[in-house]
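Engineer: Right, I'll just put the structure down here and ask away after.
The values are calculated or read from the model by the stated rules, or taken from the named source; none is laboratory data. Owing to the predicted nature of the structure, the values given are computational and were not obtained by experimental measurement. Neighbour counts run over all protein chains shown; Cβ positions are idealised from the backbone, glycine included. Side chains included, ligands, DNA and RNA excluded: accessible areas come from the protein's heavy atoms. Shrake-Rupley method; radii C 1.70, N 1.55, O 1.52, S 1.80 Å.
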Amino acid sequence: MRALAALLLIVIVACDAVPGRVFTSSSSPAVTAAPPSPSFAASATTRPTTTPSPTARPIADVLAQIDPAKLDDHMRALASFQSRHPLHPGHAKAIAYLMEQLSAIPGVVVQDIPAAYSGVRLDNILATINPVAGTGAEGFIPGVGMICAHYDSTANRTPGWRPASDVAPGADDNATGTAALLEYARVLAADRASLRMPIVLAFFDGEEYFFKGSLAYLQSIPPPNPYTWVINIDMVGFNPLADRLDLVYYTTKSASLRDRVKAANQRYAIGVSPLVEQLATTDAFILDAAPFGLVGGIPSVALVQRYGESDATFPGNYTFHTVNDTPDKITNKRLWLKAAKLTLATALDLARGTQP
C-alpha cells in the first residue's frame, strides 16, 4: 500500500507537469497560451497499458532496443512534409504524424498543448511514461524528468525563403532529435517497470522562433515546477569528421547533470568523442533546454553539434537552416545513434536512481 500511495503521488505530480489545460503567461507578453476551443483544446490520448517486463533489463540492453532503421524512417517521414515551420501546411502534417505514432504505443499518455507566439499557433506535444506499481520498482523518486527536442523547421538562411510556402526539410535540424524521441517512447513504454519517476518526452514547437514553444510551456506550469532535470537532443546527424557532440550545460546549477552525461558515455561505452563541454549562461544558445536552465533554474543540458567551432572534429553544417537540410545530408548515422543512446542512458540512470 505504501508503494501504491507513492505511485499515486507521482502520477498526480506528472499530471501537473503535463496539464490538460494551458495556463496564460503573464511574464512574456509575446508568448501566450492559446485559448481553449473545440479545435484548439489540449487533448490527451491514453492507450491500454502493456505488461512491462517484471524485471528491469540492464540499461545497456535497453539502449540496444533503439532501432537505427526506425530512426531513419521517422526522420525521412518528417522531412517529407516539405516544411514543419508553423506557417507552412506541412506543419499540421507533422503534428498528425507525431500524434499518430505516439498514440499507437500502449502505455504512453499523449497531449497536444497549444500556445501562440505573435498570433501564430504553436503545438507542444508531450508524451508521458509513468512508472508501474507492483513490478519491483521501489522507493519512487520525487519529481519528473524530461527529454525534449523541437520538431519545427526553418530555412531562413536561404536567400528569399518564404516560410509559408517554401521548403524547409529540417532533416538534421531537428528531425534527428525528434526521431530519437519517437524511439524513446517505444522503448520506454516497454521498460516502465524499471522507472522510479515519470519521464516526459516533450516535442516542442517554435524553437526556430527563439524557443518560444518551450518557454510558453515552462511559463504555463503552476508552481511548484515538478521537473528535476531536462535533457535536450537537437541536430545530431551531420558531422562527417568525428563522433563529436557539444554538451551544453546551463549555468553551474547544471554541472552535476553534465557530469552524469559524461559518466554515462563512459559507463555504457557509447563512444561519443570528443564530448565538448560548453557552459551557457545566456540565451545565445538557442535550444529548448535554455528556458528550463536559465529561467526555471532546473538542471538542464543539451546534446547538439550546432555550436562547435569548425576544427578537425567538426566542419560546421553548411546545410543548417537552409533548403538543403535534406535526408541525404545525414552523413554520420553512427553519431546519431550514439547521441540517441547517450541521451536515453543518462535519463534512465536518473529515472532508475542509479548512483553516479
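Engineer: I'm trying to understand the selection: among the residues of the range 280-295, which are part of a helix (DSSP H, G or I) and of a type outside the set (Val, Ile, Thr)?
Structural biologist: Passing the criteria: Ala289, Ala290, Pro291, Phe292, Gly293, Leu294.
Engineer: Is it true that Ala115 is touching a residue at least 60 places away in the same chain (Cβ under 8 Å), in contact with a strand residue (DSSP E or B) (Cβ under 8 Å, 6 or more places away or on another chain), crowded, with 24+ Cβ neighbours inside 10 Å and more than 25 Å from Leu71 (Cβ to Cβ)? Working first, answer last.
Structural biologist: On the way: touching a residue at least 60 places away in the same chain (Cβ under 8 Å): yes; in contact with a strand residue (DSSP E or B) (Cβ under 8 Å, 6 or more places away or on another chain): yes; crowded, with 24+ Cβ neighbours inside 10 Å: yes; more than 25 Å from Leu71 (Cβ to Cβ): yes.
The answer is yes for Ala115.
Engineer: Among Arg162, Arg196, which is under 28 Å from Phe320 (Cβ atoms), assigned to a loop (DSSP other than H, G, I, E, B) and either open to solvent by less than 30 Å² (accessible area, probe 1.4 Å) or not β-branched (Val, Ile, Thr) (or both)?
Structural biologist: Within the list Arg162, Arg196, the selection yields Arg162.
Engineer: With the requirement that a residue be part of a helix (DSSP H, G or I), among the β-branched types (Val, Ile, Thr) and either on the phi > 0 side of the Ramachandran plot or crowded, with 22+ Cβ neighbours inside 10 Å (or both), what does the range 214-262 give you?
Structural biologist: Val261
Engineer: Write out, first by first residue and then by second, each pair whose Cβ atoms fall under 6 Å of each other, whose residues are 6+ apart or on separate chains, and whose first residue, in the range 255-273, is under 19 Å from Val236 (Cβ atoms) while the second is of a type in the set (Gly, Ala, Ser) and part of a helix (DSSP H, G or I).
Structural biologist: Filtered contacts from the range 255-273: Ala264/Ala345; Tyr268/Ala60; Tyr268/Ala345.
Engineer: Against the conditions (1) under 23 Å from Ala351 (Cα atoms); (2) aromatic (Phe, Trp, Tyr); (3) surrounded by fewer than 24 Cβ atoms within 10 Å (Cβ to Cβ), where does Phe204 fall short? Just the number, please.
Structural biologist: (3)
Engineer: Please list, ordered by first then second residue, the pairs with beta carbon atoms under 7 Å, 6 or more apart or interchain, first in the range 226-254 and among the basic types (Lys, Arg), second open to solvent by less than 10 Å² (accessible area, probe 1.4 Å) and assigned to a strand (DSSP E or B).
Structural biologist: Arg244/Phe314
Engineer: Search the range 296-329 for residues being touching a Ser or Thr at 6+ places or on another chain (Cβ under 9 Å), assigned to a loop (DSSP other than H, G, I, E, B) and of a type in the set (S, T, N, Q), and hand back the single one that is farthest from Pro240 (Cα to Cα).
Structural biologist: Among those that are touching a Ser or Thr at 6+ places or on another chain (Cβ under 9 Å), assigned to a loop (DSSP other than H, G, I, E, B) and of a type in the set (S, T, N, Q), it is Thr322.
Engineer: If you don't mind, there's one more thing I want to ask. Every residue in the range 269-279 that is assigned to a loop (DSSP other than H, G, I, E, B) and in contact with a Lys or Arg (Cβ under 7 Å, 6 or more places away or on another chain), please. Steps first, please.
Structural biologist: Going residue by residue through the range 269-279, those that are assigned to a loop (DSSP other than H, G, I, E, B) are 269-272, 274.
Those that are assigned to a loop (DSSP other than H, G, I, E, B) and in contact with a Lys or Arg (Cβ under 7 Å, 6 or more places away or on another chain): Ile270, Gly271, Val272, Pro274.
Engineer: Under 7 Å between Cβ atoms, which residue pairs at least 6 apart in sequence (or on different chains) link something in the range 284-298 that is under 14 Å from Met235 (Cβ atoms) and at pLDDT below 95 with a partner that is open to solvent by 10 Å² or more (accessible area, probe 1.4 Å) and not aliphatic (A, V, I, L, M)?
Structural biologist: Phe285/Tyr307; Ile286/Phe210; Ile286/Phe211
Engineer: Moving to a separate point now. Could you please find all residues in the range 297-325 being within 17 Å of the chain's Cα centre (by Cα) and either open to solvent by 40 Å² or more (accessible area, probe 1.4 Å) or farther than 21 Å from Asn156 by Cα (or both)?
Structural biologist: Listed by number, the residues that qualify are Ile298, Pro299, Ser300, Val301, Ala302, Leu303, Arg306.
Engineer: Could you check the range 226-241 and list, in sequence order, the residues that are touching a helix residue (DSSP H, G or I) at 6+ places or on another chain (Cβ under 8 Å) and of a type outside the set (Val, Ile, Thr)?
Structural biologist: Pro226, Tyr227, Trp229, Asn232, Asp234, Met235, Gly237, Phe238, Asn239
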